[in-house]
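J.: Here it is, the structure in full.
What follows is calculated from the coordinates using simple rules that are stated; it is not laboratory data. Only a predicted model underlies this, so the values are computations on that prediction, with no experimental measurement involved. Neighbour counts are summed over all protein chains in view; Cβ atoms, including those assigned to glycine, are modelled from backbone coordinates with ideal geometry.
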Amino acid sequence: MAEKKGTSLFENGLIWFGAAVSVAEIITGTYFAPIGFEKGLLAIVIGHIIGCFLLFLAGYIGGQTRKSAMETVKMSFGEKGGLLFSVLNIVQLLGWTGIMIYDGAVAANGLFSAGHPIWCLVIGALIVLWILIGIKNLGKLNTIAMGALFILTIILGYVIFSNSHIIGSIDGALSFGAAIELSIAMPLSWLPLISDYTREAEEPIKATAVSAIVYGVVSCFMYIIGMSAALFTGESDIAAMMLKAGLGIAGLVIIVLSTVTTTFLDALSAGISAESISLKINGKWIAVAAAVIGTVAAIIFPMDDITEFLYFIGSVFAPMIAVQITMFFILKKDCGASTFSVPNLIVWFIGFIIYRLFMQVDLPLGSTLPAMLITMAICYGVNRLLAGKKTENQA
């Protein structure tokens, strides 16, 4: 029997290019307009360097161990303790699926008025189609889709950056630290997903690096497009931006295709996370269910402002990866054989509280980095202390 072939570096790059090219990324970029282009650009770059480094570390763990994202979490929190994060991850992925479909439908409807529910159904149906085809079977279809998106986003960027009427800033309140936090938040939201794809790569470590770099560069570009377009048009409506940029049908293709290629990963990983809860679960059909639920939610609920959702993701998953980094890279300890790693779950909860407290303070580099460093220090200290006591008892 032929050995199962993993995904190539090129295929991993395509996956994360598709993840970065999204309406949600462009919309998040518009939030940076109040601090002006220069400060906004600096915040976007700094935030993505921090966020994508963390993304690389998370993917490295999965690539090295050949485990899915939620299976790697069990290595730090125990077999049953990791289920908490599987459930939280499914919740955030359902949220992302709904938000992505909602944003895509609103933007598409602004370009071609067929009705918001109709566009939700069209986008949802295409996501289901992508899931049923499967990430390993998309092949040329994915390459063509990514090629089209690349060309269209370059055109969009050229139209925006070649315009000389960019204003200094627009009305709104945003500090530099909060801007960095918003920049970190998007790559941070992919932390509980990246290992789902790097674990199957032919060269997992190189694939992780390619994934993080491709996502980081393209995501920065999407943020910058959103910020620049808001400064150029003086508004944050993506459909209005594209109309003013002269992109009609091309803009519609960008919106629909980018929504599908990004949201497909969210729904697919919801299925993979569900499989980590029980081996009896069929991940593909859970992914389809996630797409359906997200579509219904996008039709029913308003999802215009996602900043609080992004901060919630940061407060949950930043301390989680802080514990994982400490256990895997520093302490080199695996708790996967235990049912619950109570100390690490307590440390995570402390990290969650620290993150939420730091959000009340305007820190120069945002909440994520200081909250993670403190969480890592606590995790290291607690585990070394417990190891020392265990040694004393054995003696």
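J.: Where nothing but the Cβ of Lys and Arg (+1) and of Asp and Glu (-1) is charged, how large is the charge dipole of the stretch 9-306 around its Cα centre, in debye to the nearest 20?
T.: Charge dipole of the stretch 9-306: 620 debye, to the nearest 20.
J.: Right, here's the next one. Classify the stretch 9-306 as rounded, prolate or oblate, taking a ≥ b ≥ c as the square roots of the eigenvalues of its Cα gyration tensor: rounded when a/c is under 1.5, otherwise prolate if a/b is larger than b/c and oblate if not.
T.: prolate
J.: Which of rounded, prolate or oblate describes the stretch 11-75 when judged by the alpha-carbon gyration tensor and an a/c cut-off of 1.5?
T.: Note, shape of the stretch 11-75 comes out prolate.
J.: Give the angle, between 0 and 90 degrees and rounded to the nearest 10, that separates the Cα long axis of helix 204-233 from the longest principal axis of the Cα atoms of the chain.
T.: 40 degrees
J.: Still on this structure, I have one more. Rank these for me by crowding, S175, S113, going from fewest to most other beta carbons within 10 Å.
T.: Ascending number of Cβ neighbours within 10 Å: S113, S175.
J.: Further question: So if a site counts as exposed when it's one of the trypsin sites (Lys or Arg not before Pro), its DSSP state isn't H, G, I, E or B, and it has at most 15 other Cβ atoms within 10 Å, what's the longest stretch of the chain without one? Don't jump to the answer; show the numbers that get you there.
T.: Details: sites that count: K4, K5, R66, K80, K136, K280, K332, K333.
In the chain, the maximal stretch lacking such sites is 137-279.
J.: Which of W96, W285 has the fewest other C-beta atoms within 10 Å, and how do the rest follow up to the most?
T.: By the 10 Å Cβ count, ascending: W285, W96.
J.: Next question, about the same structure. Would you mind ranking F53, F221 so that the residue whose beta carbon has the fewest other beta carbons within 10 Å leads the list?
T.: F53, F221
J.: Mean residue ellipticity at 222 nm from the helices of the chain, using -39,500 (n - 2.57) per DSSP H segment of n ≥ 4 over the full residue count, to the nearest 500 deg cm²/dmol?
T.: Mean residue ellipticity, 222 nm, calculated: -25500 deg cm²/dmol.
J.: Who wins for biggest fluctuation among I293, I254, I321 in a Gaussian network model of the chain, springs between alpha carbons below 10 Å?
T.: Checking each option, the largest mean-square fluctuation is seen for I293.
J.: Using the charge dipole of the stretch 9-306 (Lys, Arg: +1 at Cβ; Asp, Glu: -1 at Cβ; taken about the Cα centre), state which of F150, Q64, L14 has its Cα farthest towards the positive end.
T.: Result: Q64, furthest along the dipole toward the positive end.
J.: Next up: Take the residue pairs K67/K389; K206/K389; K39/K67; K74/K206; K67/K284; K140/K206 and return only those whose Cα atoms are more than 28 Å apart.
T.: Over 28 Å apart, Cα to Cα: K67/K389; K206/K389; K39/K67.
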